[in-house]
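Shown next, in structure tokens, is the structure this report addresses.
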Amino acid sequence: MAAAETLAARIERGDRTALARMISWAENGDARFAGELAALWPRVGRAWRVGVTGPPGAGKSTLVNELARVERSRERSVGICAVDPSSPFTGGALLGDRIRMDDRTLDPGVFIRSMASRGSHGGLARAAASACDVLDAFGFATILLETVGVGQAEYDVLDAADTVVVVLCPGAGDGIQAMKAGLLEVADVLVVNKSDLPGAERLQSDLTEAVHVRFTKRAWAVPVVAASAGTAQGTEDVLEAIARHRAHVESSGLEAARRRKRIEQVRHSLSEQLSERLWGPAGLRDRVEVELAQGHSPHAIAAALLAEVTMGLSKLSEARR
Ligand SMILES: Nc1nc2c(ncn2[C@@H]2O[C@H](COP(=O)(O)OP(=O)(O)O)[C@@H](O)[C@H]2O)c(=O)[nH]1
Ligand SMILES: [Mg+2]
């Protein structure tokens, strides 16, 4: 009997069941994932990945629906991955009749996956970044990655995106909130959603001014785009801003830009896993407590631990030689 076909081979053939299974492997941290992704790696990098982030309730999911609808009307295939534990992306229900997809399998040009909150948030964000790689290898032209813009773990997702769209909406000092949370810094495109509501124009002019003041030295001028995803207004403008950003990145060196992001992915992923390993349940806490009780200073303890970790690392690289 012939060996069972690998998931990677099935994905290359366009098998959606295999695609779904492989994303589950990413989500569950299955050990088989890495090998399959390695087999698919030559196919990764053809999609344009758009990260959509911003505070809960800003309208990210609504906008993602809209972007998907317009992309489909232009016959571009769309893969969607949403990391939003607070409001799970219901896919079929949300997209609904807009692109006539009660059953999402009806349109082979769309694939939607939402990631449940499982394990650490950092782990979830990494899984989403990996899911994007799989969607990319599968062949979707545009990948939309929705995530809530809170905390360090989001950087994993942002590093996975070619264009980062930050969605804000008027009300409750959201503009100021966003500046505090560093959302402006990560934005390639700023969207003022819910521009049907009062305060939208003010938010837009505040953001435009903030962008001008802060980012004078940047080659890319972050556009501030008004939209009302709830009433299907402004979606084309958002897509146009994304396309302009894409052209900018491509003309200034796509490979180098992606390599920089990959390095950041490794850096963030490693730092987080190292910290989990050191301070998680089987970590060093008890030992540090004992050493503190013995009268050692925090810095002396840290220096000794660092020496141990580096020794382990050099043994590792010796073993590789
Ligand atoms: N007034 C108005 N409401 C909107 C608009 N876009 C989305 N909403 C509503 O805002 C709420 C949050 O939207 P959602 O897309 O789930 O936000 P998310 O948490 O950022 O994904 C929902 O009730 C939407 O119907 C808009 O353009 N105008
Ligand atoms: Mg959402």
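The values are calculated or read from the model by the stated rules, or taken from the named source; none is laboratory data. Predicted model only: the values in this text are computed from it and were never measured. Reconstructed Cβ throughout: ideal geometry from the backbone, glycine too, with neighbour counts over all protein chains shown. With ligands, DNA and RNA removed, areas are computed over all heavy atoms of the protein, side chains included. Shrake-Rupley method; radii C 1.70, N 1.55, O 1.52, S 1.80 Å.
As a calculated quantity, the FRET efficiency between R16 and A39 at R0 = 22 Å, using C-beta atoms, amounts to about 0.80. Rolling a 1.4 angstrom probe over region 269-320 with all protein chains present gives an accessible area of which 62% lies on carbon and sulfur atoms. Ranked by the mean number of other Cβ atoms within 10 Å of their residues, highest first, the peptides 194-200, 9-15, 123-129, 213-219 come out as 123-129, 194-200, 9-15, 213-219. Cα gyration tensor of region 186-270, axes a ≥ b ≥ c as square roots of the eigenvalues: rounded (a/c below 1.5), prolate (a/b > b/c) or oblate? In terms of gyration-tensor shape, prolate. Take 230-236, 130-136 and order them by the average number of nearby Cβ atoms within 10 Å per residue, most first; the result is 130-136, 230-236.
Working from the alpha-carbon coordinates of region 269-320, get Rg over Rh, Rh being the Kirkwood radius. Taking Rg over the Kirkwood Rh, I get 1.04.
Working from label points 7 Å from Cα in the Cα-to-Cβ sense, the R246 to S297 distance is 5.6 nm. One chain, two ends: L274 and R320. Fully extended at 0.36 nm per residue, the span grows by 14.5 nm beyond their Cα-Cα distance.
With Cα atoms defining each centre, region 1-62 and region 180-258 are spaced 28 Å apart in the structure. Using the 1.4 Å probe convention, the accessible area of region 269-320 works out to 82 Å² per residue with neighbouring protein chains retained.
Take 33-42, 286-295 and order them by the average number of nearby Cβ atoms within 10 Å per residue, most first; the result is 33-42, 286-295.
For region 208-321, rounded, prolate or oblate, judged on the Cα gyration tensor with a ≥ b ≥ c (square roots of eigenvalues), a/c < 1.5 rounded, else prolate if a/b > b/c? It comes out prolate by the Cα gyration axes. Between region 300-321 and region 265-298, how many Å separate their Cα centres? Value for the Cα centre distance between the two parts: 14 Å.
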